[in-house]
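Asker: Structure below; questions to follow.
The values are calculated or read from the model by the stated rules, or taken from the named source; none is laboratory data. Fair warning: this is a prediction, and the values are worked out from it, not measured in the lab. Reconstructed Cβ throughout: ideal geometry from the backbone, glycine too, with neighbour counts over all protein chains shown.
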């Protein structure tokens with residue numbers, strides 16, 4: 001990784017390597033559940049696990065925790081692979097699934113039973129939950145806790161063979177119902193669930209719980225450092241207990257703070273609600289914090305990785321302002337995105353003294369940050385489009401754009417002066433602005449060095465194309481919707497606006513989906529997948545400046 005920052009996990013790995021033999025190899029893993037799409041929080045975990053393995057010449061495994069077939073789909077598996085590769089990471093031949101180990105995990109469970117460290121419980125999930133106790137009250141032993149080893153092994157075999165209905169029995173670890181850590185109060189290891197698995201079909205009707213599959217899968221793969229977010233810290237004693245009880249390879253579980261991002265939610269359950277209940281158009285809706293949504297919005301993998309590097313790794317939970325993520329993509333696009341002319345809300349300008357039907361072609365810089373990209377030709381004629389906001393009938397103080405009698409510069413073109421305007425008699429809407437131009441100011445410079453305070457952008461009315469522009473705002477109006485039970489009440493009703501019949505320069509007519517550019521003075525945009533052969537659709541990636549913080553601080 002570039003610009004590597006030290007953190008406590010990296011320091012621990014360095015210590016482990018210094019204390020180990022020359023053959024010691026770092027092996028990390030990224031273990032997503034294939035029950036949804038990855039989001040920006042996962043990007044932090046991906047960059048950490050893959051980045052550390054890459055830095056120290058090790059290997060990072062991609063392992064799908066596919067232990068709950070009722071919520072898992074191949075679509076999610078495919079999307080996760082695509083997102084990781086898009087971020088620039090490669091798991092090589094180290095692609096695994098928890099389902100690869102179902103036979104071995106079952107054998108591990110039998111081993112715990114035979115060591116009198118697991119038992120079959122006939123009670124309902126509700127009863128088991130009630131018997132766990134609280135943080136201040138000890139739990140209650142199950143009446144089935146003292147079953148014999150032989151009976152437990154026979155019952156567990158019958159569970160596997162499908163002889164009991166769903167939910168009728170579970171396998172529990174036998175640890176300590178009085179433990180101060182509730183996770184150690186005889187946790188459930190297996191449950192009965194008849195649901196077709198996307199890889200194993202109907203071969204199994206019992207499935208391991210995450211806490212059982214996670215550590216043992218790590219052990220089977222020889223993971224050295226199992227990196228998890230802080231919510232798994234209280235689960236680490238269980239992780240350690242099971243591995244030690246089985247006497248197998250013991251990885252180190254190390255926890256770090258998850259990413260909390262302002263004005264959005266990163267709970268997969270809540271993201272799923274947004275999708276399934278129609279609050280967004282899908283997992284890749286450009287307002288979503290999913291990697292597919294950010295990619296469709298126009299974010300680059302480099303900007304995401306830079307964001308993850310900037311926020312760093314710590315144990316303390318905090319919320320990162322969305323503006324930092326926007327800053328990262330803005331910095332990327334400022335250097336790499338070509339500049340174009342795009343008019344979002346057009347109004348016609350007629351240059352009364354410009355010869356008709358003359359068209360001339362003016363030079364425009366493609367990217368001032370990269371002079372080597374050269375220039376392009378912009379058609380200029382008698383009729384143009386400018387932004388409606390660049391003309392005012394009754395201008396406020398310090399308004400330097402077009403109004404009656406005022407002179408402005410057309411970027412790369414001429415000085416023009418407003419001499420009149422047309423207005424619809426019924427609606428009162430201004431339909432066209434009339435100007436004159438000074439032919440001696442070609443290129444935007446006056447021979448007499450006279451100054452104008454306003455410079456505006458434009459496109460040719462005759463040689464431009466109609467496009468749709470989609471503008472996006474924060475998905476939620478509050479900073480921390482993820483901490484609100486009624487999070488849907490904070491949805492921003494203005495998070496998405498589509499504007500039809502915007503105008504862009506003719507040079508964009510052959511650009512394809514994914515093309516990114518800066519609409520001068522308006523922001524950065526990307527061509528969306530909803531583009532058709534007859535109409536380009538542009539998503540706003542980010543504004544030229546952080547207008548959100550300015551807006552909320554007014």
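Asker: If the requirement is being under 24 Å from residue 53 (Cβ atoms) and assigned to a strand (DSSP E or B), which of these qualifies: 119, 96? It would help to see each step written out before you state the result.
Answerer: Details: 119 fails: under 24 Å from residue 53 (Cβ atoms).
Just a single option satisfies the conditions, and that option is 96.
Residue-wise test of (1) out of contact with any strand residue (DSSP E or B) (no Cβ under 7 Å at 6 or more places or on another chain); (2) closer than 30 Å to residue 407 by Cβ; (3) surrounded by 17 or more Cβ atoms within 10 Å (Cβ to Cβ); (4) touching a residue at least 40 places away in the same chain (Cβ under 8 Å).
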| position | (1), (2), (3), (4) |
| --- | --- |
| 456 | no, yes, yes, yes |
| 489 | yes, no, no, no |
| 495 | no, no, yes, yes |
| 504 | no, yes, yes, yes |
| 508 | no, yes, yes, yes |
| 536 | no, no, yes, yes |
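Yes/no per residue for (1) touching a helix residue (DSSP H, G or I) at 6+ places or on another chain (Cβ under 6 Å); (2) at pLDDT 95 or above; (3) in a strand (DSSP E or B); (4) surrounded by 16 or more Cβ atoms within 10 Å (Cβ to Cβ):
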{"residue": "347", "(1), (2), (3), (4)": "yes, yes, yes, yes"}
{"residue": "350", "(1), (2), (3), (4)": "no, yes, yes, yes"}
{"residue": "367", "(1), (2), (3), (4)": "yes, yes, no, yes"}
{"residue": "376", "(1), (2), (3), (4)": "yes, yes, yes, yes"}
{"residue": "379", "(1), (2), (3), (4)": "no, yes, yes, yes"}
{"residue": "384", "(1), (2), (3), (4)": "no, yes, yes, yes"}
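Asker: Given the structure, is residue 470 farther than 24 Å from residue 291 by Cβ and in contact (Cβ under 8 Å) with a residue 24 or more places away in the chain? Show your work before the answer.
Answerer: Working: farther than 24 Å from residue 291 by Cβ: no; in contact (Cβ under 8 Å) with a residue 24 or more places away in the chain: yes.
Considered against the rule, which asks whether it is farther than 24 Å from residue 291 by Cβ and in contact (Cβ under 8 Å) with a residue 24 or more places away in the chain, residue 470 comes out as no.
Asker: From the list 83, 66, pick out the single residue that is part of a helix (DSSP H, G or I), surrounded by 23 or more Cβ atoms within 10 Å (Cβ to Cβ) and at pLDDT 95 or above. Walk me through it before giving the result.
Answerer: Working: 66 fails: part of a helix (DSSP H, G or I).
Criteria check complete, one pass: 83.
Asker: Considering only the stretch 107-141, how many residues are on the phi > 0 side of the Ramachandran plot and free of Cβ contacts under 8 Å to residues at least 40 places away in the same chain?
Answerer: Initial filter on the stretch 107-141 (on the phi > 0 side of the Ramachandran plot): 116, 133.
From what's left, free of Cβ contacts under 8 Å to residues at least 40 places away in the same chain: none.
Here the count works out to 0.
Asker: Still on this structure, I have one more. Determine which member of the set 323, 389 is under 26 Å from residue 468 (Cβ atoms), surrounded by fewer than 18 Cβ atoms within 10 Å (Cβ to Cβ) and at pLDDT 95 or above. Lay out the reasoning, then the answer.
Answerer: Details: 323 fails: under 26 Å from residue 468 (Cβ atoms).
When all the criteria are applied, what remains is 389.
Residue by residue, here is whether (1) outside the structural domain of residue 58 (by TED's automatic domain parsing); (2) touching a helix residue (DSSP H, G or I) at 6+ places or on another chain (Cβ under 6 Å); (3) assigned to a helix (DSSP H, G or I); (4) surrounded by fewer than 17 Cβ atoms within 10 Å (Cβ to Cβ) holds:
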{"residue": "91", "(1), (2), (3), (4)": "no, no, no, no"}
{"residue": "100", "(1), (2), (3), (4)": "no, no, yes, no"}
{"residue": "104", "(1), (2), (3), (4)": "no, no, yes, yes"}
{"residue": "126", "(1), (2), (3), (4)": "no, no, yes, yes"}
{"residue": "141", "(1), (2), (3), (4)": "no, no, no, yes"}
{"residue": "155", "(1), (2), (3), (4)": "no, no, yes, no"}
{"residue": "165", "(1), (2), (3), (4)": "no, no, no, yes"}
